[in-house]
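Encoded as structure tokens, the structure appears first; notes follow it.
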Amino acid sequence: MKNDNFIGKVAIITGGTSGIGLKTAITLLQSGASVALIGRQEEKGQGIVEELGIYGSRVCFIQGDISKTHECKMVIEQAKTLFGRLDIVINSAGIYMEKAISDVEEDEFDQMMDINIKGTYFICKYALPYLRQSGGGAIVNISSDAGINGNCLCTAYCASKGAVTIFTKALALETIHYGVRANCVCPGDVETPMLQEQLIGLDNPKEYLRDMASLYPIGRIAQPQEIANVICFLVSDEASFVNGAVWTVDGGLTAC
């Protein structure tokens, strides 16, 4: 991908202060984009902006909780006000839960849905008018291999990510009439802070990771940059004929 591929473009990334979202932000910044990072933790977000100081005013942090629809609208409007336009939306914010259905409480289910699908839905809703104003744009929603195949003890997570996958396909049919493409990326396990949270309390985390890696035909789990590379391709002009696609980035896991 050209280093100047995104000059003049403005992106908003939910979950942009860690993992896949942060790697995607850095890749876009390196290619000339301006990026608004969205997250819930003000101190963490501002710290990331300081670390990215080399990019100056092309990067900012906007505090917002995307599980609340009015905050989805607020962060979109703030990004538009700060940068004057909006070209790219990447919904990377998400949470994970591994529990038997018998143990899932209603408030846990609601939180999963509020962040993983409701937030994604309403970020897209409020961004679309500004994407149209910019003459078209691109949306990438981050789903999961669990948004394609069922995973054991992950009914709530699979329900939320399956919704993201199909929502994106439906959205693509609606938004393409305005020149806005929408695609979905479905990673397998990725070495991110969210994965590290899964390891907390395990007797042997290294063995757990080895067992996890053994499930993948490629023989390992992914690095965040590998997912970011695919996302950046999909929001670029190089993917101008890609719309409504579900891209698996899982080392062959869902091919089995």
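The figures follow:
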item: Identity of the residue in region 93-147, β-branched (Val, Ile, Thr) and over 16 Å from the mean Cα position of the chain (by Cα), that ends up farthest from GLU77 (Cα to Cα); result: ILE101
item: Scope region 181-209; condition at pLDDT below 95 and basic (Lys, Arg); matching residues; result: LYS206
item: Answer from ASN243, ASN183 - the residue that is in a strand (DSSP E or B), assigned by TED's automatic domain parsing to the domain that holds VAL104 and either touching a residue at least 12 places away in the same chain (Cβ under 8 Å) or in contact with a Cys (Cβ under 7 Å, 6 or more places away or on another chain) (or both); result: ASN183
item: Qualifying residue in region 37-58 (condition: in contact with a helix residue (DSSP H, G or I) (Cβ under 6 Å, 6 or more places away or on another chain), farther than 16 Å from ASN141 by Cα and hydrophobic (A, V, I, L, M, F, W, C)); result: no
item: Scan of region 93-133 for residues that are over 16 Å from LYS68 (Cα atoms), touching a residue at least 12 places away in the same chain (Cβ under 8 Å) and of a type outside the set (Lys, Arg), ordered by number; result: TYR96, MET97, GLU98, ALA100, ILE101, VAL104, LEU128, TYR130, LEU131, GLN133
item: Residues (in a helix (DSSP H, G or I) and surrounded by fewer than 21 Cβ atoms within 10 Å (Cβ to Cβ)) located in region 231-240; result: PHE233, ASP237, GLU238, ALA239
item: Residue match in region 79-86 (condition: assigned to a loop (DSSP other than H, G, I, E, B) and under 23 Å from ASN183 (Cβ atoms)); result: yes
item: Complete set of residues in region 186-204 that are outside any loop (DSSP other than H, G, I, E, B), surrounded by fewer than 15 Cβ atoms within 10 Å (Cβ to Cβ) and not acidic (Asp, Glu); result: PRO193, GLN196, LEU199
item: Check on ILE76, surrounded by 15 or more Cβ atoms within 10 Å (Cβ to Cβ), closer than 20 Å to ILE227 by Cβ, in the same structural domain as ILE20 (by TED's automatic domain parsing) and within 17 Å of the chain's Cα centre (by Cα); result: no
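This table checks each residue for (1) under 15 Å from ASP65 (Cβ atoms); (2) of a type in the set (A, V, I, L, M); (3) outside any helix (DSSP H, G or I); (4) modelled with pLDDT of 95 or more.
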site: LYS2; (1), (2), (3), (4): no, no, yes, no
site: GLY8; (1), (2), (3), (4): no, no, yes, yes
site: LEU29; (1), (2), (3), (4): no, yes, no, yes
site: GLY45; (1), (2), (3), (4): yes, no, no, yes
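The values are calculated or read from the model by the stated rules, or taken from the named source; none is laboratory data. From a predicted model like this one, the values you see are computed outputs, not experimental measurements. In this analysis, Cβ positions are derived from the backbone assuming ideal geometry, glycine residues included, and neighbour counts consider all displayed protein chains.
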